[in-house]
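First the structure, in the form of structure tokens, and then the observations on it.
The values are calculated or read from the model by the stated rules, or taken from the named source; none is laboratory data. No experiment lies behind these values; they were computed from the predicted model shown. Neighbour counts run over all protein chains shown; Cβ positions are idealised from the backbone, glycine included.
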Amino acid sequence: MSDQKKPIALEERATEGKRLMSPSAVRNLPYIMEAFQSLGLTDGKVLEIGCGTGEHAAHLVEANAGLSWFATDLDPASVDSCNDWATHLSISDRLIAETVDASKPPDYSELGPFDVVYSSNVIHISPITVLEGILQTAGRELKPQGRMAFYGPFSRNGEHTAESNAAFDQNLKMRDPSWGVRDLDNDVVPRAIKNRLALETVRAMPANNFFVVFRRES
């Protein structure tokens, strides 16, 4: 591996002030907003791990007055973008972002407990320790019966769900051997169970993605 720093995103992003604009976030936001609405995730405290540009957080909070959102990301520019989106939409009282390393989860007890922990397009572009950190956080910081929601690509029972996902997985591993499309049944569910999280919903989404929800057991 080269010592050159890997890009934070796998796409080109536009900027306006500190706000970053992600083409993929624009494409998938309507489907994610519908999933939040139909699955009853639009009220209460949300902890987002890996907020990226902050567009998901900002538009979900703007659209749902019952949401209070704490966003985190390893990348300081992404955190600045999320906070600038909150300022731009006048929702800084309900959306704030801070820099956090998800593989070394801090104690969020002063902010929680949370109704929802959410992570979108993170676990395939990070080491498996990030997935483990997210699940550990959800198991510890969610209210009983709170939900952990993932959005992104997954394989199922050792098999890719589309040829494009298999190619994407190979490309990710060429970029970094610790990256890759995670297998929901073999990689995620067993680790979730160890953190008192039971699989509740697996919803197919456009572009061979999934919206996956776990519920924290009492």
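Which residues, taken from segment 38-58, are free of Cβ contacts under 8 Å to residues at least 12 places away in the same chain and either polar (S, T, N, Q) or in contact with a His (Cβ under 8 Å, 6 or more places away or on another chain) (or both)? Reasoning before the result, please.
First, the residues of segment 38-58 that are free of Cβ contacts under 8 Å to residues at least 12 places away in the same chain: 38, 40.
Listed by number, the list holds a single entry, 38.
Can you list residue pairs whose Cβ atoms sit under 6 Å apart, with the first residue in segment 107-121 being hydroxyl-bearing (Ser, Thr, Tyr) and crowded, with 18+ Cβ neighbours inside 10 Å and the second being part of a strand (DSSP E or B) and modelled with pLDDT of 95 or more? Count only pairs 6 or more apart in sequence or on different chains.
118/46; 118/48; 118/149; 119/49; 119/150; 120/151
Just the residues that are hydrophobic (A, V, I, L, M, F, W, C) and touching a Leu at 6+ places or on another chain (Cβ under 8 Å), please, taken from segment 43-59. I'd like the intermediate steps shown before the answer.
So the first thing to find is which residues in segment 43-59 are hydrophobic (A, V, I, L, M, F, W, C), and the list is 46-47, 49, 51, 57-58.
46, 47, 57, 58 - these are the residues of segment 43-59 that are hydrophobic (A, V, I, L, M, F, W, C) and touching a Leu at 6+ places or on another chain (Cβ under 8 Å).
Would you tally the residues in segment 14-59 being surrounded by fewer than 13 Cβ atoms within 10 Å (Cβ to Cβ), touching a strand residue (DSSP E or B) at 6+ places or on another chain (Cβ under 9 Å) and over 19 Å from residue 201 (Cα atoms)?
3
Return the pair list, or none, for Cβ contacts closer than 7 Å from residues in segment 16-37 that are at pLDDT below 95 to residues that are buried (at least 16 other Cβ atoms within 10 Å of the Cβ) and of a type in the set (Lys, Arg), at least 6 apart or on different chains.
So the pair list comes out as 20/13; 21/13; 22/13.
Determine whether segment 110-132 contains at least one residue that is in contact with a Pro (Cβ under 8 Å, 6 or more places away or on another chain) and among the polar types (S, T, N, Q). Can you show your working first?
Let us first name the residues in segment 110-132 that are in contact with a Pro (Cβ under 8 Å, 6 or more places away or on another chain), namely 124.
From the residues that got through so far, the ones that are among the polar types (S, T, N, Q) too are none.
Checking segment 110-132: not a single residue is in contact with a Pro (Cβ under 8 Å, 6 or more places away or on another chain) and among the polar types (S, T, N, Q).
Taking interchain pairs and intrachain pairs at least six residues apart, which have beta carbon atoms under 6 angstrom, with the first residue in segment 170-197 and under 13 Å from residue 138 (Cβ atoms) and the second exposed (fewer than 14 other Cβ atoms within 10 Å of the Cβ)?
Matching pairs, first to second residue: 196/217.
Residues in segment 85-109 that are touching a Pro at 6+ places or on another chain (Cβ under 9 Å) and either of a type in the set (Gly, Ala, Ser) or closer than 24 Å to residue 218 by Cα (or both): how many? Write out each step before concluding.
Taking segment 85-109 and keeping what is touching a Pro at 6+ places or on another chain (Cβ under 9 Å), we get 99-100, 103.
Right, trim to either of a type in the set (Gly, Ala, Ser) or closer than 24 Å to residue 218 by Cα (or both) and you get 103.
Residues flagged as touching a Pro at 6+ places or on another chain (Cβ under 9 Å) and either of a type in the set (Gly, Ala, Ser) or closer than 24 Å to residue 218 by Cα (or both) within segment 85-109 amount to 1.
Let me confirm something: among 58, 9, which residue is modelled with pLDDT of 95 or more and not polar (S, T, N, Q)? Give the derivation first.
Working: 9 fails: modelled with pLDDT of 95 or more.
Sole residue among the options that is modelled with pLDDT of 95 or more and not polar (S, T, N, Q): 58.
Taking residue 189, is it at pLDDT 95 or above, under 21 Å from residue 55 (Cα atoms) and touching a Leu at 6+ places or on another chain (Cβ under 7 Å)? Show your work before the answer.
Values: at pLDDT 95 or above: yes; under 21 Å from residue 55 (Cα atoms): no; touching a Leu at 6+ places or on another chain (Cβ under 7 Å): yes.
Against the criterion (at pLDDT 95 or above, under 21 Å from residue 55 (Cα atoms) and touching a Leu at 6+ places or on another chain (Cβ under 7 Å)), residue 189 does not qualify.
Only one residue in 96, 91 is in a strand (DSSP E or B) and either farther than 20 Å from residue 151 by Cβ or touching a His at 6+ places or on another chain (Cβ under 8 Å) (or both), so which one is that? Outline the logic, then answer.
Details: 91 fails: in a strand (DSSP E or B).
From the options 96, 91, the qualifying one is 96.
Anything in segment 133-149 that is of a type in the set (Gly, Ala, Ser) and either closer than 17 Å to residue 73 by Cα or within 13 Å of the chain's Cα centre (by Cα) (or both)? List them, or say none. Show your work before the answer.
Initially, segment 133-149 is screened for residues of a type in the set (Gly, Ala, Ser), giving 133, 138-139, 146, 149.
Within segment 133-149, 133, 138, 149 qualify.
When you scan segment 67-79, do you find a residue that is in a helix (DSSP H, G or I), out of contact with any Asp or Glu (no Cβ under 7 Å at 6 or more places or on another chain) and touching a residue at least 60 places away in the same chain (Cβ under 8 Å), even just one? Can you show your working first?
Step one: list which residues in segment 67-79 are in a helix (DSSP H, G or I), which gives 76-79.
Now restrict to residues that are out of contact with any Asp or Glu (no Cβ under 7 Å at 6 or more places or on another chain): 76-78.
Add one more test, that the residue is touching a residue at least 60 places away in the same chain (Cβ under 8 Å), and what stays is 77-78.
Among the residues of segment 67-79, at least one is in a helix (DSSP H, G or I), out of contact with any Asp or Glu (no Cβ under 7 Å at 6 or more places or on another chain) and touching a residue at least 60 places away in the same chain (Cβ under 8 Å), which makes the answer yes.
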